[in-house]
Amino acid sequence: MLVITRRAGERICLGDDVTVTVLEISGQAVRLGIEAPSEIPVYRHEIWVAVKAENQAAASASITRLPTPTTSNE
Amino acid sequence: MLIESTRFGTVEIRDDAVITFPDGLIGLPGTRYALIAQSENTAFYWLHSVEDPGIALPVTNPWLFFGDYEVKVPDEDAEKLSIEHPEQADIFCVVRAAEQLEDFTVNLRGPLVVHAALRRGRQIINDAADFGVRQPLFSEVALAQVRPAAPVAPVAATGI
């Protein structure tokens, strides 16, 4: 892992196409501006991890019969 | 075409109803899925991998359960899907099924947006509000109250 110090207004380049700019530092929070080509998805890590976990859990459920509303024909 | 399923055996699906997710589903392999209904009148569908017999996710139309649900599709996602009008799209949310109805949950944060006519889809992160990834499905609505609504996109197989 690379650990570097940046100040507000400074940037990091990831390869040729991705630039991360430190926009603002306020207490415990840092605002970042991310410029990346549209084919590179950018997600907040904790949300990406949570969605990945839900997809994998949903895909591995042992259920084979999903419930059907039984009164909708009435 | 026939697809193999570890859950349902060999299933015949309509070739023209396969949905392609060019960037896949987050954390799962493969890009081609078929929407499969177990009965005509259902609130749930299986999104079944055409490539991997073991991968199938239950999905639902979130508005059947959450009338005030909102999805904000970011411009770059809409562009990738060639969606210009909301009526071109189906929105599905991934359901975590369980033995008991009260344990069913749905991911309202990471919906699947599908261009119905092009049958191209993408899982997005929905920032419209603070929706959860594991929202209980039957806490507000009883199953009997759910009124099924067919998706705009064609269903690849029914009655498995």
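Please treat every number below as a calculation from the coordinates, not as lab data. From a predicted model like this one, the values you see are computed outputs, not experimental measurements. Heads up, the Cβs are rebuilt from the backbone with ideal geometry, glycines too, and the neighbour counts pull from every protein chain shown.
Observations on the structure shown:
- Along each principal axis, Cα extent of the protein assembly as shown, largest first, Å: 64, 38, 35
- Paired Rg and Dmax values of region B:1-55, which use every Cα atom, in angstrom: 11.0, 31
- The GluC sites (Glu not before Pro) of region B:53-112 that DSSP puts in a loop, and whose beta carbon has at most 15 other beta carbons within 10 Å, are B:E70, B:E84, B:E99.
- Fewest neighbouring Cβ atoms within 10 Å first, the residues B:H48, A:H45 line up as A:H45, B:H48.
- Scaled radius of gyration (Cα, divided by 2.2 N^0.38 Å) that chain A gives: 1.87
- In terms of surrounding Cβ atoms within a 10 Å radius of their Cβ, A:Y43, B:Y69, B:Y45, B:Y33 rank from fewest to most as A:Y43, B:Y69, B:Y45, B:Y33.
- Neighbour-count ranking [beta-carbon atoms within 10 angstrom, fewest first] of A:C13, B:C93: A:C13, B:C93
- In region B:92-135, the trypsin sites (Lys or Arg not before Pro) that fall in loop regions by DSSP, at most 16 other Cβ within 10 Å: B:R134
- Kirkwood Rh (inverse of mean 1/r, distinct Cα pairs), region B:21-160, angstrom: 15.3
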